[in-house]
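One structure below.
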Ligand SMILES: [Zn+2]
């Protein structure tokens, strides 16, 4: 069987979805990059993952990451005209003469086996008990101003060794122009680290448009984690730039936001890193709703006069819970209680 390489246009997963209008559908295997959704190859027959990866020289033609960990293969139903496709950037002839497989193996994931997660503590005992900030996860903190000061505190604590931190540098991607070096210095002194040293281990990038933010989080974050041998990143004010009333094409902004979140969760799982995203809003718009649904866990912080209340609004395995914490004290709490 010879494949027809008949198109110079490259497809993303969403193109496939848009083209799947009702017509005669056939079984097909789609091979794609989970970081950037680039479709690499579609075939009526199952092809060994290694064969597809070799055809692209082991590299995603769009985002440039090694395919070994980020290629996924799924069995789908497609219109028969769409059931054969090869990304025009392919490097070598694909080996397609493999026997067809049964459809039991619906997903073949090449993601790295999850290692034992490491935990970053917040220093707030009840919050640390409420939810573990474990590597391999995207965790969202909603609420202002608490989430802001927490971000700087975590930037310092992440540098400390186990059992407090992750012994890691920090990648801080700032979507709200809010990184506070002064607060970092104060937390560093509190934890007996030289403030200059603490600041030198936090690598800050600022975004001023939602395109810049998405590009930093999708394209630059994975390589920054590798370059600094880091397992911790903060994405501050992750929804704010997407909610700019000046944005004309709101659907495009929403689409890019979704893609950015998918990429973030994939990066945490593949690299075994912890990414904390902060957002000042609380579930009142489509962006925060999407954020909560996509993240591994979402914690809402509400500042009251004398205490801060934390609510675990969403967790992939735990049920919703609340705890309260007196302001500025890490050793005293109001009673904690269960929601519902
Ligand atoms: Zn890719």
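The values are calculated or read from the model by the stated rules, or taken from the named source; none is laboratory data. A quick note: this is a predicted structure, and the numbers were derived from the prediction, not measured. Backbone-built Cβ (ideal geometry, glycine too); neighbour counts: all protein chains shown.
Could you check residue 55 against (1) under 18 Å from residue 10 (Cα atoms); (2) within 13 Å of the ligand (Cβ to nearest atom) and say which number it fails?
If we test residue 55 against (1) under 18 Å from residue 10 (Cα atoms); (2) within 13 Å of the ligand (Cβ to nearest atom), just (2) comes out false.
Among 47, 30, 39, 86, which is the only one that is away from the ligand (no atom under 16 Å from the Cβ) and either farther than 30 Å from residue 164 by Cβ or modelled with pLDDT of 85 or more (or both)? Talk me through it step by step, then tell me what you get.
Numbers: 30 fails: away from the ligand (no atom under 16 Å from the Cβ); 39 fails: away from the ligand (no atom under 16 Å from the Cβ); 86 fails: away from the ligand (no atom under 16 Å from the Cβ).
Among 47, 30, 39, 86, only 47 is away from the ligand (no atom under 16 Å from the Cβ) and either farther than 30 Å from residue 164 by Cβ or modelled with pLDDT of 85 or more (or both).
If you scan region 278-305, which residues turn out to be farther than 20 Å from residue 149 by Cβ, assigned to a loop (DSSP other than H, G, I, E, B) and either without any contact (Cβ under 8 Å) to a residue 24 or more places away in the chain or outside the structural domain of residue 132 (by TED's automatic domain parsing) (or both)?
Of everything in region 278-305, just one residue is farther than 20 Å from residue 149 by Cβ, assigned to a loop (DSSP other than H, G, I, E, B) and either without any contact (Cβ under 8 Å) to a residue 24 or more places away in the chain or outside the structural domain of residue 132 (by TED's automatic domain parsing) (or both), namely 284.
Quick check on my filter: what residues within region 54-64 are surrounded by fewer than 21 Cβ atoms within 10 Å (Cβ to Cβ) and either under 23 Å from residue 262 (Cα atoms) or in contact (Cβ under 8 Å) with a residue 60 or more places away in the chain (or both)?
Within region 54-64, the subset surrounded by fewer than 21 Cβ atoms within 10 Å (Cβ to Cβ) is 54, 57-59, 61-64.
Residues satisfying the conditions are 58, 59, 61, 62, 63, 64.
Kindly establish whether residue 178 is at pLDDT 95 or above, farther than 19 Å from residue 296 by Cβ and in contact with a helix residue (DSSP H, G or I) (Cβ under 7 Å, 6 or more places away or on another chain).
no
Of all residues in region 263-277, count the ones that are in a helix (DSSP H, G or I) and closer than 23 Å to residue 176 by Cα. Let's see the steps before the verdict.
Going through region 263-277, the residues in a helix (DSSP H, G or I) turn out to be 263-271.
Next, only the ones that are closer than 23 Å to residue 176 by Cα stay: 263-265, 267-268.
Number satisfying all stated conditions: 5.
From the list 333, 310, 287, which residue is modelled with pLDDT of 80 or more, under 14 Å from residue 129 (Cα atoms) and touching a helix residue (DSSP H, G or I) at 6+ places or on another chain (Cβ under 7 Å)? Break it down into steps so the answer makes sense when it comes.
Working: 333 fails: modelled with pLDDT of 80 or more; 287 fails: under 14 Å from residue 129 (Cα atoms).
Result of the check over 333, 310, 287: 310.
Checking residue 238 against (1) modelled with pLDDT of 80 or more; (2) assigned to a loop (DSSP other than H, G, I, E, B); (3) over 26 Å from residue 64 (Cα atoms), which single condition isn't satisfied?
It fails just one condition, (3).
Can you tell me which of (1) modelled with pLDDT of 80 or more; (2) touching a strand residue (DSSP E or B) at 6+ places or on another chain (Cβ under 6 Å) is the one residue 294 doesn't meet?
Result: residue 294 fails condition (2) only.
Is it true that residue 319 is surrounded by 18 or more Cβ atoms within 10 Å (Cβ to Cβ), at pLDDT below 85 and under 17 Å from residue 131 (Cα atoms)? Let's see the steps before the verdict.
Numbers: surrounded by 18 or more Cβ atoms within 10 Å (Cβ to Cβ): no; at pLDDT below 85: yes; under 17 Å from residue 131 (Cα atoms): yes.
So residue 319 fails the test.
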